[in-house]
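What follows is a single structure, written as structure tokens, with notes after it.
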Amino acid sequence: MRFLILVLFLGFGFLVNAQNISFNGVSYEIKKDRIFKDSVDITDNLSVEDKQGIRTSFNKKATQIKAAEDAQKRIEKAKKDQLKAEKRQKKAEKALKKRQKAQSKFDKSTKKHKKAIKKYEKLKGQGKLSPEDEEKWLEKIERYKQTSAKAKKKLA
């Protein structure tokens, strides 16, 4: 906002200064349709060619100032667009990181769940599980299953 105000004041300053024209080594000031030299109106004293030359110089200077202002506006717009693009990129990177983390958690929890089931089946097959141990293993497997389900939900 401050930058915009600064640009506006500079643009206004250029427009005020645009009224001072140097033509054939002499400095003239243009106010509306009148031409002044050293704060004295000399519009009627100048030849048609001099008036035309002064006005042409004034128009060239005004065109240059307008082009500079337009270039400044394009630069500001490009900066804003770049900031927006950077924000979108950061947001996309953050989403990708979050997705990768969720995928990692899902893979890890699924692996633990399968490993727990495999170990439970092995111990059960060998007959090394007491009823209490079997209950603990089933609870453990259920916790891994729930963790895996939560991770899958966050992944989707």
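The values are calculated or read from the model by the stated rules, or taken from the named source; none is laboratory data. A quick note: this is a predicted structure, and the numbers were derived from the prediction, not measured. In this analysis, Cβ positions are derived from the backbone assuming ideal geometry, glycine residues included, and neighbour counts consider all displayed protein chains.
Of all residues in segment 123-156, those that are out of contact with any Lys or Arg (no Cβ under 9 Å at 6 or more places or on another chain) and in a helix (DSSP H, G or I) total 20.
On the given criteria, is ARG99 in a helix (DSSP H, G or I), touching a residue at least 40 places away in the same chain (Cβ under 8 Å) and either in contact with a helix residue (DSSP H, G or I) (Cβ under 9 Å, 6 or more places away or on another chain) or exposed (fewer than 13 other Cβ atoms within 10 Å of the Cβ) (or both)? Working first, answer last.
Working: in a helix (DSSP H, G or I): yes; touching a residue at least 40 places away in the same chain (Cβ under 8 Å): yes; either in contact with a helix residue (DSSP H, G or I) (Cβ under 9 Å, 6 or more places away or on another chain) or exposed (fewer than 13 other Cβ atoms within 10 Å of the Cβ) (or both): yes.
So ARG99 fits the description; yes.
Against the test of being at pLDDT 95 or above, part of a helix (DSSP H, G or I) and not aliphatic (A, V, I, L, M), the options GLN52, GLN64, GLN82 yield a single qualifying residue, GLN82. Check segment 134-148 and report whether any residue there is over 30 Å from ILE21 (Cβ atoms), at pLDDT below 95 and in contact with a Ser or Thr (Cβ under 6 Å, 6 or more places away or on another chain). There is at least one residue in segment 134-148 that is over 30 Å from ILE21 (Cβ atoms), at pLDDT below 95 and in contact with a Ser or Thr (Cβ under 6 Å, 6 or more places away or on another chain). Restricting the first member to segment 104-122 and to residues that are closer than 18 Å to TRP137 by Cβ, and the second to residues that are surrounded by 12 or more Cβ atoms within 10 Å (Cβ to Cβ) and charged (D, E, K, R), the beta-carbon pairs closer than 6 Å and six or more apart or on different chains are HIS113/LYS145; ALA116/LYS140. When the residues of segment 123-149 are filtered to those that are closer than 19 Å to ASP107 by Cβ and free of Cβ contacts under 8 Å to residues at least 24 places away in the same chain, the one that is surrounded by the fewest Cβ atoms within 10 Å (Cβ to Cβ) is GLN146.
Is it the case, given these coordinates, that SER27 is outside any loop (DSSP other than H, G, I, E, B), touching a strand residue (DSSP E or B) at 6+ places or on another chain (Cβ under 8 Å), modelled with pLDDT of 80 or more and exposed (fewer than 15 other Cβ atoms within 10 Å of the Cβ)?
Values: outside any loop (DSSP other than H, G, I, E, B): yes; touching a strand residue (DSSP E or B) at 6+ places or on another chain (Cβ under 8 Å): yes; modelled with pLDDT of 80 or more: yes; exposed (fewer than 15 other Cβ atoms within 10 Å of the Cβ): yes.
Yes.
Taking the listed residues ALA92, ALA71, the one that is free of Cβ contacts under 8 Å to residues at least 60 places away in the same chain, among the small types (Gly, Ala, Ser) and within 30 Å of LEU155 (Cβ to Cβ) is ALA92, with no other qualifying.
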